[in-house]
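Here's the structure we're looking at; comments come further down.
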Amino acid sequence: GESVGLHLPTLSVQEGDNSIINCAYSNSASDYFIWYKQESGKGPQFIIDIRSNMDKRQGQRVTVLLNKTVKHLSLQIAATQPGDSAVYFCAENLKLVFGQGTRLTINP
Amino acid sequence: DSGVTQTPKHLITATGQRVTLRCSPRSGDLSVYWYQQSLDQGLQFLIQYYNGEERAKGNILERFSAQQFPDLHSELNLSSLELGDSALYFCASSPAPFQGSGELFFGEGSRLTVL
């Protein structure tokens, strides 16, 4: 079920390290997925998307991996920078409810 | 700048009062979505409109209502406000219903504080 009401999970990484943020989705019929980044005090912004006919898609410093067998998405951020500090949400097109989100904190 | 405009940015009111939040979607977008985000929590979907008609409903309280007007702007009405209604309210828009594909474009949010 939805985890609305729980505090966000957190991930702390050292600056320069790679970050991996995970997300489980629920609807096996969903065929389009998006990762959003929400910086403090702002609305979520699009980072990268992937269609279900792909397993992997790369952007600038970000990679999304899709495992349809276990209904799992991951977002990899290479060489994490202070500006990457934010809450990251995944979304699937057949559900309007976002995932719980993960707060990424960068340690200097 | 996402192109989605929300007003007001901040609003402070008292319990029992009623407020209206306004959203202007990106030019050309037909779909509008409302989300509630309480402190340090995820985005809770409230309601979606497409071209003036309600398309999907989430966990929206009966005290809350929304509509999308012919010019495609939308309003979210919150009444009989309670302390727990204090939150950031986000509006998002998209050209077509999200159930297809394509991203949602979010506004900067309206921060509601109920005292």
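For the residue pairs A:Lys37/A:Lys71; A:Lys56/B:Lys57; A:Lys37/A:Lys68, alpha carbon separations beyond 25 Å are given by A:Lys56/B:Lys57.
Report, as an integer, the average count of C-beta atoms from other chains found within 10 Å of each Cβ along A:88-96. Don't jump to the answer; show the numbers that get you there.
Working: counts 0, 2, 0, 4, 1, 6, 3, 5, 16.
Whole-number average of other-chain Cβ neighbours for A:88-96 is 4.
Would you please give the FRET efficiency between B:Gln67 and A:Lys71, computed as 1/(1 + (r/R0)^6) with r the Cβ-Cβ distance and R0 = 35 Å, to the nearest 0.05? Efficiency computed from Cβ-Cβ geometry: 0.50. Separation of the range A:1-76 from the range B:48-115 is 23 Å, based on Cα centroids. In a shell of Cβ-Cβ distance under 15 Å around A:Asn107, excluding A:Asn107 itself, what net charge do Lys and Arg (+1) and Asp and Glu (-1) give? For residues surrounding A:Asn107, the net value is -2. The GluC sites (Glu not before Pro) found in the range A:1-74 that occupy coil by DSSP, while having at most 14 further C-beta atoms within 10 Å, are A:Glu15, A:Glu39. Restriction of the trypsin sites (Lys or Arg not before Pro) in the range B:32-66 to DSSP coil positions whose beta-carbon has at most 13 other beta-carbons within 10 angstrom yields B:Arg63. In this simple spin-label approximation, A:Ser28 and A:Gln81 carry label points 7 Å from Cα along the Cα→Cβ vector, and these lie 4.1 nm apart.
Assuming a ≥ b ≥ c are the square roots of the Cα gyration tensor eigenvalues, decide whether chain A counts as rounded (a/c under 1.5), prolate (otherwise, with a/b larger than b/c) or oblate.
Numbers: a/c = 1.89, a/b = 1.33, b/c = 1.42.
Since a/c reaches 1.5 but b/c is at least a/b, the shape of chain A is classed as oblate.
Inter-chain Cβ neighbour count for B:41-54, averaged per residue, equals 4 (cutoff 10 Å, partner chain atoms only). Averaged over peptide B:82-95, the number of partner chain Cβ atoms lying within 10 Å of each residue's Cβ comes to 1.
Under 17 Å of direct C-alpha separation, and excluding same-chain neighbours fewer than eight residues apart, B:Lys9 reaches these aspartates and glutamates: A:Glu39, B:Asp1, B:Glu75, B:Asp85, B:Glu108.
Here, each number is a calculation from the coordinates, and none is a lab measurement. Worth saying up front: this structure is predicted, and the values here are computed from it rather than measured. Neighbour counts run over all protein chains shown; Cβ positions are idealised from the backbone, glycine included.
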